[in-house]
Amino acid sequence: MTMKRKHKLRWTLMLYDTAIYLFSAILVLVLYPSSIDHLTPPQITMHAALGLVCVMAARLFTKAYERIWRYAGPKEYIWLMVSDAIASAAYLLLRSLLPRNITFIRSLSMFTLNLLGCIIIRLLYQFVYQNRMKHTRLEKFFLVLLKAFTGSVFADEAPASNKIKIAIVGAGSVGAMLADELIQNPKATYQPVCFVDIDREKVGREIYGVPVLASEQGLSNKLSHLQVQEVVFALPNVTTERRKELYTLYKGMGYKIKAYDYPTLNVDDNSKRRLHDFDIEDLLFRSANQFLNEETMAWYRGKNVLITGGGGSIGSELARQIARCQPARLTILDVYENGAYDIQQELRIRYGHSLNLRVEIASVCDAGKVNKIFAEHTPDIVLHAAAHKHVPLMERNVCEAVSNNVFGTLNVVEACEKYHVKRFIMVSTDKAVNPTNVMGATKRMCEMIVQSRSGENTSFSATRFGNVLGSNGSVIPLFKRQIANGGPITITDKRIIRYFMTIPEASQLVMTSGAMAKNGELYVLDMGKPVKILDLAENMIRLSGFEPYKDIDIVEVGMRPGEKLYEELLIKTEELDKTDNNMIFVERDKPLSQQEIETKLDILRDALETQSNRVVKDALMRVVPTYHRPEEVNQNAIEAEEMRIASGA
């Protein structure tokens, strides 16, 4: 809208407001009979003119003509009433200056009638604008009338046939917000034609002119009658079980389903609700937990924070969460430049110069470079997420796994002690519990290193969690791609189970446990029940609109090297200590002395000199007593408590 058009609309509205005021003044001062006030025409003119000046001055002062009334809400109308209250008070004070006064009741009637007329014309304008796409006689009449009197030209008066008709499931505040947004936006792709809700107080009524239907038998026929094309869930607080029921119901009716909410894998507090395709993750897993609170965020505020592996899945999310805490400086260290660049650009776009952000490209295996970075950036807190994590790859690259994961961690730990870093927090994994693969064994060795440190200058801790949804190499994206390609879905073994959590959950857990750490603690998370991967695959196929084994097959391809059928329960209450957070526990694990750790490290160093994967793997089994071959664990898997929980036994 050009400035010329804006000024024209303001002057047009002022003109109509003036006409409404003059009508009110004539009605009250001229036509209304009174035995008390006997005003001559000049006196009537003076009172009317004084009132008009007070009204216009007050409305200009409160910027009533700078508001866009087609989008007005309660706030705008309250300000209009405040403005006219100021005008009437000013008039009541100034009327005594005129040659002849009028009664308080007559004065108040004139201003009240004027305010009522102004509110009516604005509401009429809103009504016509919001219903301009409808074709009932009433809407057409008011549209013609409004255009004739105001000359208004609306941005979109095209028929609604091009819009996608949707039913909004959930007639609460979030659903109403979505409907209002779509109705008010002339360029919106979607047109809400009904709400669906179980609340009997809402059923049969309307929200913004959109009817609320009952979620009961016969709903399918009603939706068909309204020509609904898609269904949108606006249910932010519904349980996962209920969400599954609703998904199954509407998917069975043949509707495409969307959600108006925060996507499952993005629960950042700074994100906004948006209309998005329904994530299968919304149905497969428990609701994401929010671990960060103001106290934890305040602990990171104003600190220099360094994140190793800051370009990876967990590291980049840690960077996002730390940035929210307003650190004095955030340093991202990663050997993979593309990942580091991506998170750097994302944070610069979001925070601009308000975030003191540095990026260093280096490997944690390079002790000299690590020390140089620590000397330059003097971090207060180090979040250590740098590691090789892919199980099959590390089985074939044992030397690299030990060099990067174990000795890379050692380099960072020693740099923390040398440069008096206050807190070191290491990202660990459930695969470190009784490991059956090289990756898990290296992470267990890292945990032992962390637990052995004295904490004279630095407080050390490590945090374990399970598989992360949406991380690089996770099973969900793989299954999605396989379904999109028409199948089959490949799983290593139909008995296999895993624990899952979201990337934000994992990152916030690391931060929360780090803030509460004293020294040497090994934190674990209550991740709920394990998920059977076969059930996961079958559910994903069904939720994608297909039938397992009929439309898309599921094929067993055999266990990968180092893989076991289940990960041990992280939470065994008899072996853990509680914390203030009921989802976070501390493992009772007696730390080894630094001398014992140094002996183990010497064994690994000697093995690495051979550059033999077999020799290094044997050495790793010697220094990590809980490291067993997967065959030893898998042969007794059926007796494990975790397998019984996953099968519902």
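Coordinate-derived values only; no laboratory data. Nothing here was measured: the structure is a model prediction, and the numbers come from that model. With ideal geometry, Cβ positions are generated from the backbone for all residues, glycine too; neighbour counts draw on all protein chains shown.
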Based on the mean of other Cβ atoms within 10 Å per residue, sort peptides 393-402, 94-103 so the most packed one is first.
393-402, 94-103
If R₀ is 35 angstrom, what is the calculated FRET efficiency for the pair GLN126 and LEU31, using the beta carbon separation as r and rounding to 0.05?
0.70
Taking the Cα centre of each part, how many Å lie between segment 207-247 and segment 378-425?
50 Å
Per 10 Å bin from zero, what fraction in whole % of the C-alpha pairs of segment 364-462 is there, up to the bin with the longest pair?
17, 49, 27, 7
What is the distance, in nm, between label points placed 7 Å from the Cα along the Cα-to-Cβ direction at TRP11 and at ARG358?
6.0 nm
Proxy exposure order for SER107, SER544, SER316, SER593 (fewest C-beta within 10 Å first) is SER593, SER544, SER107, SER316
For segment 56-128, just the Cα atoms, rotate onto the principal axes and tell me the three extents in Å, largest first.
44, 21, 16
List the pairs from LYS389/LYS532; LYS75/LYS258; LYS165/LYS532; LYS165/LYS202 whose alpha-carbon separation is above 26 Å, in the order I gave them.
LYS75/LYS258; LYS165/LYS532
Net lengthening on full extension, ASN485/ILE603 (0.36 nm per residue, minus Cα-Cα):
37.7 nm
How would you rank PHE104, PHE424, going from fewest to most other Cβ atoms within 10 Å of each one's own Cβ?
PHE104, PHE424
Those GluC sites (Glu not before Pro) in segment 172-224 that DSSP places in a loop and that have at most 11 other beta carbons within 10 Å
GLU201, GLU216
Which FRET efficiency value, to the nearest 0.05, do you get for HIS38 and LEU116 by plugging their Cβ-Cβ distance into 1/(1 + (r/R0)^6) with R0 = 25 Å?
0.40
SER173-LYS494 pseudo-label distance in nm [points 7 Å out on the Cα-to-Cβ vector]:
4.9 nm
At a 10 Å Cβ-Cβ cut-off, how would you order PHE127, PHE460, PHE465, fewest neighbours first?
PHE127, PHE465, PHE460
Looking only at segment 479-515, which residues have a backbone nitrogen under 13 Å from a spot 7 Å from the Cα of PHE546 in the C-beta direction?
479-491
What FRET efficiency, computed as 1/(1 + (r/R0)^6) with R0 = 60 Å and r the Cβ-Cβ distance, is obtained for ASN293 and LEU108, rounded to the nearest 0.05?
0.70
Less than 18 Å from a label point 7 Å out along the Cα-to-Cβ axis of ALA49: which backbone N atoms in segment 91-110 qualify, by residue?
91-92, 94-102
Calculate the spin-label point distance for GLU201 paired with GLN594, positioning each point 7 Å from the Cα along the beta-carbon direction, and give it in nanometres.
6.5 nm
